[in-house]
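First the structure, in the form of structure tokens, and then the observations on it.
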Amino acid sequence: GAVVSQHPSWVICKSGTSVKIECRSLDFQATTMFWYRQFPKQSLMLMATSNEGSKATYEQGVEKDKFLINHASLTLSTLTVTSAHPEDSSFYICSARTFPGLAGIGGTDTQYFGPGTRLTVL
Amino acid sequence: AQTVTQSQPEMSVQEAETVTLSCTYDTSESDYYLFWYKQPPSRQMILVIRQEAYKQQNATENRFSVNFQKAAKSFSLKISDSQLGDAAMYFCASSPVYGGSQGNLIFGKGTKLSVKP
């Protein structure tokens, strides 16, 4: 149990185009999803937190109009990188959190990570 | 605010030996969790071990154990009987607890562990 998927796993796009990344919790309901960015050989940096049905909360320095986050259901969150530029090239990771008692998962709440999406902007 | 510091960018261990990865943290929260995550070359983040700050007993998971020193704000990870599959980037992380629920994860910069056969 507790599987999180991301799609696509790897995307190459031209500068100026928009890219959508999906994050799904496959066997549990995620009340909260997180989006991270990871540069090569560096740690994960939290970009934003999204709760189902409400607007995402962005970390300081993250442009909310550039990185659009939608958390429309308890199993799906999307990150859209709008008008992508080469400096947006990075590894994007989502995680999903649930709470004890919700369908599919027992025990204490924790974050489960997706496998990541490598974005390359040419 | 919370900060997590990993002072060892790289570590190396011989297969079957024991290695300890260091982590210190700073927090103003009264309740928090501490974690060690492993990121192998596949880049999939894998939870290794979790410690609840209010628990004095050190968490263990098979070959992995922690030395949690709350007063010193230290949270080291010991890997016993190291295996080749343990080679990965290890991240120490903390998160506050609000109303009984876990908050955002704050990660250290990571320690790259190599395992020599």
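The values are calculated or read from the model by the stated rules, or taken from the named source; none is laboratory data. Quantities reported herein were computed from a predicted structural model and do not represent experimental measurements. For neighbour counting, all protein chains shown are included, and Cβ atoms are generated from backbone atoms with ideal geometry for every residue, glycine included. Side chains are part of the model used for accessible areas, which takes the heavy atoms of the whole protein and leaves out ligands, DNA and RNA. Shrake-Rupley method; radii C 1.70, N 1.55, O 1.52, S 1.80 Å.
Within the listed set A:GLY61, A:GLY53, A:GLY16, the residue fluctuating most in the Gaussian network model of chain A (springs between alpha-carbon atoms under 10 angstrom) is A:GLY61.
Volume per residue of the convex hull around the Cα atoms, evaluated for chain B, comes out as 97 Å³. Projection of the Cα convex hull of the protein assembly as shown, averaged over all directions and equal to a quarter of that hull's surface, yields 13.1 nm².
Computed from backbone phi, the HN-Hα couplings of the range B:31-40 come to 9, 7, 10, 10, 9, 10, 10, 10, 10, x Hz, rounded to whole numbers (Karplus: 6.51 cos²θ - 1.76 cosθ + 1.60, θ = phi - 60°; Gly and Pro given as x).
For a test of the definition: using alpha carbon positions, the gyration tensor, and the 1.5 limit on a/c, classify the range A:9-68 as rounded, prolate or oblate. Note, shape of the range A:9-68 comes out rounded. Summed over both chains, the contact between B and A buries some 1600 Å² of accessible surface at a probe radius of 1.4 Å. A 1.4 Å probe run over the protein chains yields, for chain A, 47 Å² of accessible area per residue, whole-number rounding.
In the context of the full set of protein chains, residues of chain B present 49 Å² of accessible surface per residue (probe radius 1.4 Å, heavy atoms only).
Taking chain A, the Cys residues with no second Cys beta-carbon under 4.7 angstrom are A:CYS13. Hey, any idea what % of the protein assembly as shown's accessible area is carbon plus sulfur with a 1.4 Å probe? Carbon and sulfur: 51 percent of the exposed surface of the protein assembly as shown. With springs connecting C-alpha atoms under 10 Å apart, model chain B as a Gaussian network and identify which of B:ALA87, B:ALA71, B:ALA59 has the largest mean-square fluctuation. The residue that fluctuates most here is B:ALA71. Each principal axis of the Cα cloud of the range A:12-122 was taken in turn, and the coordinate range along them, longest first, works out to 44, 29, 25 Å. Computed over chain A with a Gaussian network model linking Cα atoms closer than 10 Å, the most mobile of A:VAL19, A:VAL62, A:VAL81 is A:VAL62.
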